[in-house]
Every structure is written in C-alpha cells, then in structure tokens.
Amino acid sequence: AEPRLVAARATRISPRLTLLVLHDITERERVEQMRRDFVANTSHELKTPVGAVSLLAEAIESAADDPPQVRIFATRLSAEASRLAQLTSRILNLSRLQASDELTDERDVAIDEVVASAVDANAILADSAGVSVVRGGERGLYVRGDAQVLGEAVGNLIANAIAYSPRGSKVGVGITLTDAVVEIAVTDRGIGIAEGDQERVFERFYRADPARARRTGGTGLGLAIVKHAVQRHGGEVRLWSRPGRGSTFTIRLPAVDAPVDDRPERPDRR
Ligand code: ADP
C-alpha cells in the first residue's frame, strides 16, 4: 500500500487525556498538485496557438498590398483560430469533468444512438482523410448517464482512429454486451502505440509523437477526456495496440435495462 502522510493535531482535554486528530493530507495535496499542474500545462499549451494567431495577424497587416499573400496568411490564421477554439473547449470540458462528481443530465442512454451520432460528427474528417468508418454490433443496449458526455468520448476515439490511420483504411466501431457490460470498441489499422506509451496517452497533453500529433491537429486532451468521461460513468477504457498494426480502444460501461416504453412489445397472449 501507498505510504500515507498524516497530519496530527493534539488537544489536551484533561491532564490524563489527549485527543489526537489525524487526517489524511495526501489526497488533498495530490488534488492541489494536479490543479497546479493543469493550470501550468494549459497556459503552456495555449501559448503556441495564441502566439501564432498574433504573428499571422501582424503578417497580414504588413502584407496589405499583396492580396495573394494576405489570402495565404488569412487561411493559416483561420486554421490556428479553430485549433485554439477546439483547445479551449476541450480544456473547459476536461476541467468540468474533473471538477464535480455529478453528471448534469443523467438518463437511460441508447448506446447505438450515441455511437451513430459520434460517427456522423466525424463524417467530414473521415472523408477528407480517405478513411471509411464502419459501424456494427448490437442495438437496443442502454447505459445510465449523460449522452453528450458519452458522445464526446466515443467521438474522440473515432477522430483519433481516423487521424492515425493511412488513407484507404477502415475504422470499425462495434457494440457488444458481455456480462452486463456494454463494450464500445473502436478499431483502426493505423500507426499503433508503443507499449511504453500505452498508459501515458491517457494523461492530458501527452503525445506519443508530438510532431505528428500536431500535424493531425491534436490537442493532447482527447484521451484524457475519454478517460474521465468514462470513469464518471462507472466504466473503464482499455487499450490494445501494436505499432504498425493498429489499435483498439474499448469503452466498458455497466449496462442497464431498456426503459419500459422502449422495450419491444410482448406478443398478445389472450
Ligand atoms: P491528440 O489530440 O494529440 O490526438 P489524444 O489525447 O487524443 O491527443 O491522444 C494522445 C496521443 O495518443 C496522441 O498524440 C497519439 O500519439 C496517441 N494516439 C491516440 N489515439 C491513437 C490511435 N488511434 N492510434 C495511434 N496513436 C494514437
């Protein structure tokens, strides 16, 4: 077991009785350290796109008499601005997931609908990467939770599978039920992840190959969001990967019964 740091406060109640109050400061310190790290990496990560945006704005100003050049800078400015927008929205989502223990909108969620809309949300990305996303598996499975948070988690896995796959390859998204656990598996035949990186990729801002991740427009927050979103739902994420062969990320969530009005009608027995 982990060694525990304990703070003690002694209060003399009577000459023969001393009350010793012990409390665990490890957890409090750990959370505080995490918060400090988060603020530090976040400001570091924001500096690059913010710097690029202001440099490009200056470049546009000084190229005012050269319209073709202005157009080139403006295109790059707009790309940097959307990266910045994605980064800030992911930072907000992640800090929201880390901040409270409660899900704001909890209901019975049809997992095939979550998967279908996550696939749709990535259709343009898949098209431009020349990757086809194939969806399959069981329908009519439910989990308890927030459809939007789960959709973002599944969507992040699909977006990564597309981003780290070669043109012309396939990404599979499957749903299965095993021992009351709903499994959503996202499989690609892409670059894969080295064994030493497999645990670390779930840390925020960790990238196995920083140069490549930046080219794919990554923020380094996608998998941290997946992990927190799934844990918040009482589930877990598993990763199987082999460099050069591909990866499978599996989200596992406790299954719940279908809501009564969604169950298939029983045949009339009269
Ligand atoms: P990013 O926005 O950089 O993709 P993520 O948190 O989503 O950040 O992923 C962290 C890192 O994990 C990526 O930079 C990449 O190195 C690696 N990674 C994630 N998904 C895959 C995948 N499907 N195939 C190969 N590498 C992946």
Q. Any residue at all in the range 200-209 that is in contact (Cβ under 8 Å) with a residue 60 or more places away in the chain, in a strand (DSSP E or B) and within 15 Å of the chain's Cα centre (by Cα)?
A. no
Q | Residues of the range 179-220 satisfying the condition of being near the ligand (Cβ under 7 Å from one of its atoms), touching a Leu at 6+ places or on another chain (Cβ under 6 Å) and of a type in the set (A, V, I, L, M) | A | V201
Q | Number of positions in the range 137-166 that are within 15 Å of A126 (Cα to Cα) and aromatic (F, W, Y) | A | 1
(Q) Regarding the range 87-105, can at least one residue be identified that is of a type outside the set (D, E, K, R), crowded, with 16+ Cβ neighbours inside 10 Å and modelled with pLDDT of 95 or more? (A) no
Q) How about the range 95-181: which strands (runs of 3 or more DSSP E) wholly inside it have at least 2 residues that are more than 19 Å from the chain's Cα centre (by Cα)? A) 107-110, 132-137, 170-178
Q: Kindly provide the set of residues from the range 184-217 that are surrounded by 14 or more Cβ atoms within 10 Å (Cβ to Cβ) and of a type in the set (K, R), ordered by number.
A: R189, R204, R207, R214
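The values are calculated or read from the model by the stated rules, or taken from the named source; none is laboratory data. Values in this document were obtained by computation on a predicted structure and should not be read as measured data. No Cβ is skipped: glycine too gets one built from the backbone with ideal geometry, and neighbour counts run over all protein chains shown.
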